[in-house]
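*Asks:* Structure incoming, see below.
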Amino acid sequence: MTTIVQKYGGTSIDGREKILAIAERLAALRRIGHDVVVVVSAPGDTTNSLLDDATALAAEPNQRELDMLMTAGERISMSLLAIALNSIGCPAISFTGSQVGIITDTKHTDARILEVRPDRVVRELQSGNVVVVGGFQGVSTAKNVTTLGRGGSDTTAVALAAALGAERCEIMTDVDGVYTADPNAVPTARKISEISFEDMSELARYGATVLKEDAVRFAEQNGITLHVRQSGSDTAGTIVLAEPTAPCPPVTGLSLLEDVELLTWERVPAAASARIGEFQDRVKFVLTLGSQTVVAVERAAMEELLKESDGSMSVRRANLLCVVGSNAGSAVCAATARAAVEGSGEELIAMVSEGRSTVMAVRPDGARGVLEALHDVFFPSSRSKR
């Protein structure tokens, strides 16, 4: 019997009708002979609401207690879905991340999974149950509840799929796949049928929200093919895998990352340099321009670096645009991208080209216009109605 792991995001499971519809689809998978594990996020804006409550009480909430609070939304979703499944005659049981053996490091609010001990899940599947798991959470080696950061339910699903040797991992969301750019920002964007792990992780790193970068990297490391599909639809989505069946195009897609700060030093203090090394994925690039060093970081990381600065640092807000694909890091692609930015009338603040990507920093106010201009250049055939 094959195992399928599905993950449903907060908008997909927000409301009784949506929960019942998901239950029917899961029951149908169980009837045709699949073992089914489903990972759920908190419903709707529950996580944001809980965070607002915490910060209203304390400007900097205790991180351990914040993790205890933030996992509550997923517990609501998992128990309601299990109740719905049982109500339609499909046996189901719900578990927290700690109950299914998701072991993490000790970092609160942004923990990393160290291992998964799926014995309890295996036993329940063998008993005929659909297993419903609260995403975004685990238990640390110090036996504290931890959360995996924004989008962590994707990582939960991939980690369980790897531990169970699942046939596939399906990320069910409110969009019908991965597009050449955010279709909400670029109406002419077109759906990508297959995309490599490498390109998908780069798009995720620079703002594509359909998948979390950690989840893509985890899937790549464990050989888990991802299917990105729209909840409640049977239409084909996007498959994320090691090597697409068709040749990789020179440019696969574009992404936009907002709320970035460009920190510029004439000389980076040793303490700040050490902190930069600790931030990992929150640092987007480090660029040397003559005697200056420019570091692009997420806004949340800037405050930490300010503490380590000796006063020689300047700060400028920017958005990052990323061009991704097999030839996207080439000099030709960089020149084409530069021309598109200049043609749109916007200032190109900084540019980094390497590997399979070219990343550009532009003013926040003009970023979406530049994104459309880049899309027109790299995907001219997408002007046709999709």
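Bear in mind these aren't lab numbers, they're just calculated from the coordinates by the rules spelled out. Because the structure is predicted, anything quoted here is derived from the model rather than measured. When we count neighbours, we look across all protein chains shown, and the Cβ atoms used for this are built from the backbone with ideal geometry, even at glycine.
*Asks:* Quick one: compute a quarter of the convex hull surface over the Cα atoms of the stretch 4-79 and quote it in nm².
*Replies:* Here the figure is 5.5 nm², rounded to one decimal.
*Asks:* Rounded to two decimals, what is Rg over Rh for the stretch 3-174 when you use alpha-carbon atoms and the Kirkwood radius?
*Replies:* On the Cα set of the stretch 3-174, Rg over Rh gives 0.97.
*Asks:* I've got another one for you. If we count other beta carbons within 10 Å of each Cβ, what is the order of Met360, Met1, fewest first?
*Replies:* The order, fewest Cβ neighbours first, is Met1, Met360.
*Asks:* Label Glu347 and Ser233 with points 7 Å out from Cα along Cα→Cβ: what is the distance between them in nm?
*Replies:* 4.0
*Asks:* Which three lengths, in whole Å and largest first, does the stretch 236-307 cover when its Cα atoms are put on their principal axes?
*Replies:* 49, 27, 20
*Asks:* Under a GNM of the chain (C-alpha, springs under 10 Å), which listed residue has the highest mean-square fluctuation: Ile102, Ile349, Ile195?
*Replies:* Ile349
*Asks:* Still on this structure, please answer the following. Report the percentage of all Cα-Cα pairs in the stretch 36-136 whose separation exceeds 19 Å, rounded to a whole percent.
*Replies:* Across the stretch 36-136, Cα pairs with separations above 19 Å total 48 percent.
*Asks:* How high is the FRET efficiency between Arg299 and Ser127 when r is their beta carbon distance and R₀ equals 45 Å, given to the nearest 0.05?
*Replies:* It comes to 0.45.
*Asks:* Oh, and also: Roughly speaking, what is the stretch gain from Thr209 to Thr109, that is 0.36 nm per residue apart minus the C-alpha to C-alpha distance, in nm to one decimal?
*Replies:* 34.1 nm
*Asks:* Fewest to most neighbouring Cβ within 10 Å: what's the order for Asp174, Asp199, Asp14?
*Replies:* Asp174, Asp14, Asp199
*Asks:* Taking Cα centroids, how far is the stretch 1-40 from the stretch 117-163 in Å?
*Replies:* When both Cα centres are located, 15 Å separates them.
*Asks:* Okay, next question. Only counting other Cβ atoms within 10 Å, I'd like Tyr179, Tyr8 sorted with the fewest neighbours first.
*Replies:* Going from least to most buried by this count: Tyr179, Tyr8.
*Asks:* So for the pair Asn327, Gln99, with labels modelled 7 Å out along Cα→Cβ, what separation do we get in nm?
*Replies:* Taking the two extended label points, one gets 5.3 nm.
*Asks:* Give or take rounding to whole Å, what are the principal axis extents of the alpha carbon atoms in the chain, in descending order?
*Replies:* Taking max minus min along each principal axis of the Cα atoms, the chain gives 66, 50, 33 Å.
*Asks:* Extending each Cα 7 Å along its Cβ direction at Ala28 and Ala72, get the distance between those two points in nm, one decimal.
*Replies:* Each label point lies 7 Å from its Cα, and together they span 3.6 nm.
*Asks:* Normalised by the empirical 2.2 N^0.38 Å for globular proteins, what value does the Cα Rg of the stretch 125-194 take?
*Replies:* That ratio works out to 1.47.
*Asks:* Using 0.36 nm per residue, how much length does the chain from Glu258 to Arg363 gain when fully extended, once their Cα-Cα distance is taken away?
*Replies:* 36.8 nm
*Asks:* When only alpha-carbon atoms count, how far does the stretch 101-250 stretch along each of its three principal axes, as whole angstroms with the largest first?
*Replies:* 48, 35, 27
*Asks:* What is the Cα convex hull volume of the stretch 207-272 when expressed per residue in Å³?
*Replies:* 190
*Asks:* Does the stretch 312-366 come out rounded, prolate or oblate, given a ≥ b ≥ c as the square roots of the eigenvalues of its C-alpha gyration tensor, rounded meaning a/c under 1.5 and, failing that, prolate meaning a/b above b/c?
*Replies:* oblate
*Asks:* Something else now. Taking a threshold of 22 Å on the Cα-Cα distance, which of the pairs Lys107/Lys143; Lys191/Lys212; Lys107/Lys212; Lys18/Lys191 fall above it?
*Replies:* Lys18/Lys191
*Asks:* How long is the gain from Gln292 to Ala242 if the chain were fully straight, where each residue apart is worth 0.36 nm and the alpha carbon distance is subtracted?
*Replies:* Here the answer is 14.2 nm.
*Asks:* Largest first and in whole Å, give the semi-axes of the stretch 253-383's equivalent ellipsoid, each being the square root of 5 times a Cα gyration tensor eigenvalue.
*Replies:* Equivalent-ellipsoid dimensions as semi-axes: 28, 14, 13 Å.
*Asks:* Only bridges with both residues in the chain count here: give the DSSP antiparallel percent, nearest 5.
*Replies:* Taking every DSSP beta bridge with both residues in the chain, the antiparallel ones total about 60 percent.
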